[in-house]
Amino acid sequence: MKRAHRMPFGAEYLGDGSTRFRLWAPSAHGGAMDLLLQWQDGEKTHAMTAQGGGWFEAVMPAPPGTRYRFRLQDGLTVPDPGSRHNPEDVHGPSEVVDPRAFEWSDDAWTGRPWDEAVIYELHVGTFTPEGTFEAMATRLDHLHELGVTAIELMPLAEFPGLRNWGYDGVLPFAPDSVYGRPEDLKRAIDAAHRRGLMVLVDVVYNHFGPEGNYLWHYAAPFFTRRHHTPWGPALNFDGDAARTVRDFFIHNALYWLEEYHVDGLRLDAIHAILDDSPQPMLCELAEAVRAGPGRERHVHLVLENDANRAFLLKRNAGNRPVWYDAQWNDDLHHGLHVLLTGETSGYYSDYAQDTTRHVARSLAEGFAYQGEPSGFRGTARRGEPSTHLPPTAFVGFLQNHDQIGNRAHGRRLVTLAQEEPLAAAVAALLWSPNVPLIFMGEEFGALTPFLFFCDFEGNLARAVTEGRRREFAAFVNEVQHGPELPDPNTEETFAHSKIDWTCMRKPRHARWLALYRKALKVRRDHIVPRLRGIGGNAGSYRVLGEGVLAVQWAAAHNETFRLFLNLTPHDMPGRIAAPGKVIGCHPPAARTRVAAGALPRYTAACCIDATVLT
């Protein structure tokens, strides 16, 4: 099986030793553009033909492996923004790639339904000591045995330097060369599919990174000054020439899904995609995916959206997503984090009051903020009603790259919370009808931090370092009562973030791993079958005391599914009148008491057909 996605830009190998090169450069100096091809005897210059509408094209003898770049009339040389591979980093030449040269073995793979998803988020560079696609593939058996069904890769787009989270990418079609070649990534995806693991890729459609973005020089209409983002002028999705900009990113989504056969995308910070058009780009993109690869197999689209825009998660009459499958649920994370750590600085301040209600509402209805004022945001109203959405429209997590890495010292939750309540919260999260997400190393209680790191130089490096210090001004305990902030630009900061896999042999870490494996087995055997067909307006909740809650959902097969959680050091004074069938309990020793109607300290339990609490 061979796969390729055809694009109206970039370098398309034609199969006969020649390649078509195409570039959109509407603001190129002098209205001309040269193609530079690199050969063993030097670099050759070829004038590109203007095609109208700002397009330039050239068809030249150039087999796979040929390196090339474009030259503006002022002498500036730039890589291809549609590059499939940039082996010499963001400032170097691009390389012609023949995607049909890779032979896939997963032609029978059609993905997995969304209700089966258990997501494992990882950063390729720090997931293994080697930090490569090839090394990542050696850990797939561990993930399969854990009970994970989907791997989510942090952004892969070519970024400047040797280390980066990925959100500073500037060549969105080129997997970063520090991780390996395109075929290395394809082999890893192929291997994941053989193990029944879906692969999702995190993509960034709200900005380009601060170094290596040359579009300003020859394609200024990519940007608009009518909208502004934290990274500067916004991408142009609703002004003049927006059609080409939209096509660039829609093709990027289709490229990952078709050429790399990934099973879905996670769209980063879509609240920073500013678009006043009648047909939002985000909806157009999702419709292209549903009408394309999504017609033939399971393809999943997930959002990060601080604005809690529930309309993007709309379901059709058959309870299938019209646009997006799910959204990361920050509200659930923030409430649980406050209960477990007591921290109320920064954005956690919105959850300092009625914390348990925030958690229970997030589990039952999706968002905790469904239009209520947010004190952290200056009392601006945040969110839209979400009760009508199924619980699988929300991704729940206790940790992810942001919530660890955006702490000053990258500390994981296992170093911030007591083990007993944290273990109960883990079990509850994994047994919730929400789709759970685990951050790499979380499953065995990894102690290694996940720090913010990059590889900039000069003024940009200094600006990033100072920006981090300003960012943590609201988190008093992080910066005033701890060690000095790590410098994001040093190799040492990056090295400290690599997972220590050897620690799994130690009793403490083995205990965490056993908990995750057992809890995910309960989810696979008892919960996932009850999620099929679960619809909106299914959840309701009760707060039984601060840190104690009960949530119930109308599940499939006319069953009622209930989750009980006690994060306090005290047994719940009341009783469960009739707990029904207990299908999961942590700690296991509490199972008998839960079955008898009690809810002991630091306990999570899930039951079928339990009656309401008294």
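The values are calculated or read from the model by the stated rules, or taken from the named source; none is laboratory data. Note that the structure is predicted; figures quoted are calculated from it, not measured. Glycine gets a Cβ as well: all are built from the backbone with ideal geometry, and neighbour counts include every protein chain shown.
Do we find that ALA364 is assigned by TED's automatic domain parsing to the domain that holds LEU153, in a helix (DSSP H, G or I) and of a type in the set (Gly, Ala, Ser) in this structure? Outline the logic, then answer.
Numbers: assigned by TED's automatic domain parsing to the domain that holds LEU153: yes; in a helix (DSSP H, G or I): yes; of a type in the set (Gly, Ala, Ser): yes.
Answer is yes for this residue.
If a residue must be farther than 17 Å from PRO175 by Cα and either modelled with pLDDT under 95 or crowded, with 21+ Cβ neighbours inside 10 Å (or both), how many such residues does the range 122-144 contain? Full working, then the answer.
Residues of the range 122-144 that are farther than 17 Å from PRO175 by Cα, as a first pass: 128-129, 138-144.
Still in the running and either modelled with pLDDT under 95 or crowded, with 21+ Cβ neighbours inside 10 Å (or both): 143.
Total satisfying the criteria: 1.
Checking LEU254 against (1) assigned to a strand (DSSP E or B); (2) touching a residue at least 60 places away in the same chain (Cβ under 8 Å); (3) among the hydrophobic types (A, V, I, L, M, F, W, C): exactly one of these is not met. Which one?
Among (1) assigned to a strand (DSSP E or B); (2) touching a residue at least 60 places away in the same chain (Cβ under 8 Å); (3) among the hydrophobic types (A, V, I, L, M, F, W, C), the lone unmet condition for LEU254 is (1).
When only residues in the range 492-522 that are part of a loop (DSSP other than H, G, I, E, B) and in contact (Cβ under 8 Å) with a residue 24 or more places away in the chain count, which is farthest from GLY410 (Cα to Cα)? Working first, answer last.
First, the residues of the range 492-522 that are part of a loop (DSSP other than H, G, I, E, B): 497-500, 506.
Applying the additional criterion that residues be in contact (Cβ under 8 Å) with a residue 24 or more places away in the chain yields 497-500.
On the way: SER497: 8, LYS498: 12, ILE499: 13, ASP500: 15 Å.
Taking the candidates together, the pick is ASP500.
From the list LEU215, LEU197, which residue is outside the structural domain of HIS401 (by TED's automatic domain parsing) and either of a type in the set (A, V, I, L, M) or closer than 30 Å to GLU145 by Cα (or both)? Give the steps one after another, and end with the answer.
Details: LEU197 fails: outside the structural domain of HIS401 (by TED's automatic domain parsing).
LEU215 is the lone residue from the list that is outside the structural domain of HIS401 (by TED's automatic domain parsing) and either of a type in the set (A, V, I, L, M) or closer than 30 Å to GLU145 by Cα (or both).
Each row is one residue, and each column tells you yes or no for (1) modelled with pLDDT of 95 or more; (2) not charged (D, E, K, R); (3) not in a strand (DSSP E or B).
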residue: LYS2; (1), (2), (3): yes, no, yes
residue: MET7; (1), (2), (3): yes, yes, yes
residue: ALA11; (1), (2), (3): yes, yes, no
residue: GLY30; (1), (2), (3): no, yes, yes
residue: LEU37; (1), (2), (3): yes, yes, no
residue: ALA50; (1), (2), (3): yes, yes, no
residue: ALA58; (1), (2), (3): yes, yes, no
residue: PRO64; (1), (2), (3): yes, yes, yes
residue: GLY82; (1), (2), (3): yes, yes, yes
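If TYR120 satisfies all but one of (1) assigned by TED's automatic domain parsing to the domain that holds LEU146; (2) aromatic (Phe, Trp, Tyr); (3) assigned to a loop (DSSP other than H, G, I, E, B), what's the number of the condition it fails?
So TYR120 meets the others, but not (3).
Is it the case, given these coordinates, that VAL78 is surrounded by 19 or more Cβ atoms within 10 Å (Cβ to Cβ), more than 27 Å from the chain's Cα centre (by Cα) and not polar (S, T, N, Q)?
Working: surrounded by 19 or more Cβ atoms within 10 Å (Cβ to Cβ): yes; more than 27 Å from the chain's Cα centre (by Cα): yes; not polar (S, T, N, Q): yes.
Against the criterion (surrounded by 19 or more Cβ atoms within 10 Å (Cβ to Cβ), more than 27 Å from the chain's Cα centre (by Cα) and not polar (S, T, N, Q)), VAL78 qualifies.
Quick one: PHE223 ticks every box in (1) under 23 Å from GLY54 (Cα atoms); (2) buried (at least 21 other Cβ atoms within 10 Å of the Cβ); (3) in contact with a Leu (Cβ under 9 Å, 6 or more places away or on another chain) except a single one, so which number is it?
In the conditions (1) under 23 Å from GLY54 (Cα atoms); (2) buried (at least 21 other Cβ atoms within 10 Å of the Cβ); (3) in contact with a Leu (Cβ under 9 Å, 6 or more places away or on another chain), PHE223 misses (2) alone.
Just one of ALA368, ALA352, ALA326 is touching a Ser or Thr at 6+ places or on another chain (Cβ under 6 Å) and within 22 Å of PHE311 (Cβ to Cβ); which is it? Let's see the steps before the verdict.
On the way: ALA352 fails: within 22 Å of PHE311 (Cβ to Cβ); ALA326 fails: touching a Ser or Thr at 6+ places or on another chain (Cβ under 6 Å).
The unique qualifying residue is ALA368.
In the range 498-533, what residues are within 26 Å of the chain's Cα centre (by Cα), over 26 Å from LEU563 (Cα atoms) and either loosely packed, with under 14 Cβ neighbours inside 10 Å or among the hydroxyl-bearing types (Ser, Thr, Tyr) (or both)?
Answer for the range 498-533, where residues must be within 26 Å of the chain's Cα centre (by Cα), over 26 Å from LEU563 (Cα atoms) and either loosely packed, with under 14 Cβ neighbours inside 10 Å or among the hydroxyl-bearing types (Ser, Thr, Tyr) (or both): just ASP500.
Among residues belonging to the range 552-577 that are touching a Lys or Arg at 6+ places or on another chain (Cβ under 7 Å) and in a strand (DSSP E or B), point out the one that is surrounded by the fewest Cβ atoms within 10 Å (Cβ to Cβ).
Restricting to residues being touching a Lys or Arg at 6+ places or on another chain (Cβ under 7 Å) and in a strand (DSSP E or B), the top hit is GLN552.
Determine which member of the set THR244, THR229 is out of contact with any strand residue (DSSP E or B) (no Cβ under 7 Å at 6 or more places or on another chain), over 17 Å from GLY166 (Cβ atoms), polar (S, T, N, Q) and surrounded by fewer than 20 Cβ atoms within 10 Å (Cβ to Cβ). Walk me through it before giving the result.
Values: THR244 fails: out of contact with any strand residue (DSSP E or B) (no Cβ under 7 Å at 6 or more places or on another chain).
Result: THR229 is the single residue among THR244, THR229 that is out of contact with any strand residue (DSSP E or B) (no Cβ under 7 Å at 6 or more places or on another chain), over 17 Å from GLY166 (Cβ atoms), polar (S, T, N, Q) and surrounded by fewer than 20 Cβ atoms within 10 Å (Cβ to Cβ).
Residue pairs, Cβ under 7 Å, 6 or more apart or interchain, first in the range 382-393 and of a type in the set (S, T, N, Q), second in a helix (DSSP H, G or I). List them.
SER386/ALA310; SER386/GLU365; THR387/GLU365; THR392/TRP114; THR392/ASP115; THR392/LEU531
Do we have GLU103 as farther than 21 Å from ASN252 by Cα, within 27 Å of the chain's Cα centre (by Cα), modelled with pLDDT of 95 or more and of a type in the set (Asp, Glu) here?
On the way: farther than 21 Å from ASN252 by Cα: yes; within 27 Å of the chain's Cα centre (by Cα): no; modelled with pLDDT of 95 or more: yes; of a type in the set (Asp, Glu): yes.
In short, no.
Just to be sure I understand, how many residues within the range 492-508 are at pLDDT 95 or above, over 15 Å from PRO449 (Cα atoms) and among the charged types (D, E, K, R)?
2
Which of the following residues is surrounded by 20 or more Cβ atoms within 10 Å (Cβ to Cβ), under 17 Å from ARG3 (Cβ atoms) and of a type in the set (Phe, Trp, Tyr): TRP104, TRP109, TRP114?
Going through TRP104, TRP109, TRP114 in turn, just one is surrounded by 20 or more Cβ atoms within 10 Å (Cβ to Cβ), under 17 Å from ARG3 (Cβ atoms) and of a type in the set (Phe, Trp, Tyr): TRP109.
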